[in-house]
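Have a look at the structure below, then the notes.
The values are calculated or read from the model by the stated rules, or taken from the named source; none is laboratory data. Worth saying up front: this structure is predicted, and the values here are computed from it rather than measured. Cβ: placed from backbone, ideal geometry, glycine included. Neighbour counts: every protein chain shown.
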Amino acid sequence: MVSSAEMRTKKSKLKKAPAKKAARKAAPKRAPRPRSAARGVKPSAIAAGATPARVRAILKKLDEAYPNATCELDHDNAFQLLIATILSAQCTDVRVNQVTKTLFPKYPAPKDFAYANPAELEQDIRPTGFFRNKTKSVIGASRKIVEEFGGEVPRTMDDLLSLPGVARKTANVVLGTAYGIASGVVVDTHVQRLANRLDLTRNSDPKKIEQDLMQVIPQEKWILFSHQLIWHGRRVCVARKPRCVECNLERICYAKDKTI
């Protein structure tokens, strides 16, 4: 048998149930979570300065300042560009160009690098720094190109990344400059620094910076944009003391280390 106390408890719950339902219906619906303009990217991952309007303004200013920006590594073909880019790690383009001026005539084809004497090649590229590791990369990449790719530099990101000593930056340089293929954004030290100064990314890792830039920069601008930032980083927005008074981006830049 059910006691009188239990009966009163059940009646009380029945009275409260409709009231709870009514309260839930009356309560305002939770506002939908804002979505980023870039599909698949959380709003918190997008830098405040990477709004479409501001990105367009930055691209316009870069086009005005550097309409013909291009890679500054001297080369005659995709293979020479690949070798020069490998040598450019932790080295200036000016120094690399000085080295390749005599290097390329000595090793005119991929097979010449592929089967070169390592000790001799080390001395040939010594001025670029890290010459032992670079020698291994140059010989390894050249040998794979000769033996697996018919002597031709691959035209896909996956194939290029399979070459010794080749990471995304090098692959993007070759694909963009030699083949006109916009596979990504070249992120070197200049692009990394300027992308943060311009508040286009909140990351410090080059791979993450590239993904951020690919989300906000139109794909048809990826190749030129990389060259333009590199030129700007070398000529105006230098690392230690940016020449803000000479910068046509100064009015839309709010970097903390501005000099004016």
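Looking at segment 77-93, can you tell me whether even one residue there is under 20 Å from Gly176 (Cα atoms), touching a residue at least 60 places away in the same chain (Cβ under 8 Å) and part of a loop (DSSP other than H, G, I, E, B)?
yes
Here are some conditions: (1) touching a Ser or Thr at 6+ places or on another chain (Cβ under 9 Å); (2) at pLDDT below 95. Ile252 meets all but one. Which one does it not meet?
Failed condition: (1).
Go through segment 200-217 and report how many residues are surrounded by fewer than 18 Cβ atoms within 10 Å (Cβ to Cβ), over 19 Å from Val166 (Cβ atoms) and of a type in the set (Asp, Glu).
Qualifying residue count for the region: 0.
Select from segment 218-248 the residues that are over 18 Å from the mean Cα position of the chain (by Cα), farther than 13 Å from Gln192 by Cα and surrounded by fewer than 21 Cβ atoms within 10 Å (Cβ to Cβ) and list them in ascending order.
Selection gives Arg235, Val236, Arg240, Lys241, Arg243, Cys244, Val245, Glu246, Cys247, Asn248.
Leu160 - would you say it is in contact with a His (Cβ under 9 Å, 6 or more places away or on another chain) and crowded, with 20+ Cβ neighbours inside 10 Å?
Taking the combined requirement at face value, the residue does not satisfy it.
Considering each of Ala182, Ala167, Ala178 in turn, give the residue that is surrounded by fewer than 17 Cβ atoms within 10 Å (Cβ to Cβ) and closer than 30 Å to Val55 by Cβ.
Of Ala182, Ala167, Ala178, the one residue that is surrounded by fewer than 17 Cβ atoms within 10 Å (Cβ to Cβ) and closer than 30 Å to Val55 by Cβ is Ala167.
If Arg155 meets every condition in (1) in a loop (DSSP other than H, G, I, E, B); (2) under 23 Å from Arg251 (Cα atoms); (3) without any contact (Cβ under 8 Å) to a residue 60 or more places away in the chain; (4) of a type in the set (Lys, Arg) apart from one, which number is that one?
Checking Arg155 against (1) in a loop (DSSP other than H, G, I, E, B); (2) under 23 Å from Arg251 (Cα atoms); (3) without any contact (Cβ under 8 Å) to a residue 60 or more places away in the chain; (4) of a type in the set (Lys, Arg), the one that fails is (2).
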